[in-house]
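Down below is the structure, laid out as structure tokens.
The values are calculated or read from the model by the stated rules, or taken from the named source; none is laboratory data. None of the values given here were measured: they were computed from a predicted structure. Methodologically, a virtual Cβ is constructed for each residue, glycine included, from the backbone with ideal geometry; neighbour enumeration extends over all protein chains shown.
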Amino acid sequence: MDRREIAALLAYIGRLDPRTIRTDQGEARDQLAQWHELLGGVPMATPHGWDARVAAQQHIRVSPYQILPADIGRPWASYKRDRLNRHTDPTPSVDPDDQAAWTAELVGTRRAVATGGAQPAQYRAITSGRIDPELEARLREVGSCIPPEARAALAPYRPARAVREAAVAQGQPDALGVRCEWCQAPVGEPCRRRRIDRDGFARGNAPRATPHPGRLDLAAARQAQETEQVQQPAMA
């Protein structure tokens with residue numbers, strides 16, 4: 001605020017709390033100089049929610065003490081801190097190799113957000129709404145977010161998943177979709193190869209590339225049951 005805005009703010013405060021009025025010309029000049037020195041960097045108002053008069057009004061309404069410059073400066077600091085906490089830096093539009101321009105745009109955006117010149121940029125929250133039809137059609141066309149070349153390159157490093165994906169692609173039952181009754185592997189986890197020593201204790205628990213036969217039978221039975229449930233309404 002410049003000196004004229006400070007004078008207007010003091011006049012507004014004087015109407016709400018006559019204790020702040022200075023009738024002596026020298027005292028009024030000193031008061032104006034003091035407030036300008038302490039609140040020169042605080043704007044009178046911003047386009048997004050800040051108004052020094054509102055801050056003064058709130059203090060006078062709830063506090064029995066005479067207002068001080070700190071009672072304006074403290075809410076302004078809280079206002080800036082809250083906006084920066086809700087802000088997520090968007091990617092600058094300049095060349096990322098130009099470090100000076102990149103930093104300058106980030107700093108300028110943060111300053112505009114903190115001082116109320118721009119709204120904080122926030123990431124959109126994940127919702128449970130319906131998928132965008134265009135994205136849904138694209139996923140059906142692609143089939144997976146992992147390209148086929150990358151999936152083939154990863155196959156040697158995750159053999160159980162590779163076997164599962166190959167079986168599902170051929171229309172066979174998904175063995176990892178059910179719990180294994182033999183090794184107690186949960187849904188989605190590969191079967192385990194248990195080695196038992198002479199005393200009956202397990203010596204190893206390494207993952208198997210292929211599921212146990214009993215798990216395959218459970219998956220086939222479940223697939224047949226689901227197919228039967230789908231066909232019954234269609235026949236009806």
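Things worth noting here:
- Counted residues, region 50-71 - those being touching a residue at least 40 places away in the same chain (Cβ under 8 Å) and either within 26 Å of ALA114 (Cα to Cα) or among the hydroxyl-bearing types (Ser, Thr, Tyr) (or both): 7
This table checks each residue for (1) touching a Phe, Trp or Tyr at 6+ places or on another chain (Cβ under 6 Å); (2) among the basic types (Lys, Arg); (3) on the phi > 0 side of the Ramachandran plot.
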position: ARG29; (1), (2), (3): no, yes, no
position: GLY40; (1), (2), (3): no, no, no
position: ARG61; (1), (2), (3): no, yes, no
position: ALA70; (1), (2), (3): no, no, no
position: LYS80; (1), (2), (3): no, yes, no
position: ARG83; (1), (2), (3): no, yes, no
position: ARG86; (1), (2), (3): no, yes, no
position: ASP89; (1), (2), (3): no, no, no
position: VAL94; (1), (2), (3): yes, no, no
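- For first residues located in region 160-189 and in contact (Cβ under 8 Å) with a residue 40 or more places away in the chain, partners that are among the hydroxyl-bearing types (Ser, Thr, Tyr) and surrounded by 12 or more Cβ atoms within 10 Å (Cβ to Cβ) and lie 6+ apart or on another chain with Cβ distances below 9 Å form the pairs ALA160/THR210; VAL163/THR210; ALA175/THR210.
- Restricting region 153-165 to residues that are in contact with a helix residue (DSSP H, G or I) (Cβ under 9 Å, 6 or more places away or on another chain) and of a type in the set (A, V, I, L, M, F, W, C), the residue that is nearest to PRO207 (Cα to Cα): ALA160
- Some residue of region 46-59 being under 28 Å from ARG19 (Cα atoms) and among the basic types (Lys, Arg): yes
- Taken over region 113-135, the criterion of being at pLDDT 75 or above and either assigned to a helix (DSSP H, G or I) or over 27 Å from the mean Cα position of the chain (by Cα) (or both) is satisfied by VAL113, ALA114, PRO133, GLU134.
- Qualifying residue in region 97-112 (condition: outside the structural domain of ALA55 (by TED's automatic domain parsing), among the hydroxyl-bearing types (Ser, Thr, Tyr), modelled with pLDDT of 90 or more and out of contact with any Pro (no Cβ under 8 Å at 6 or more places or on another chain)): yes
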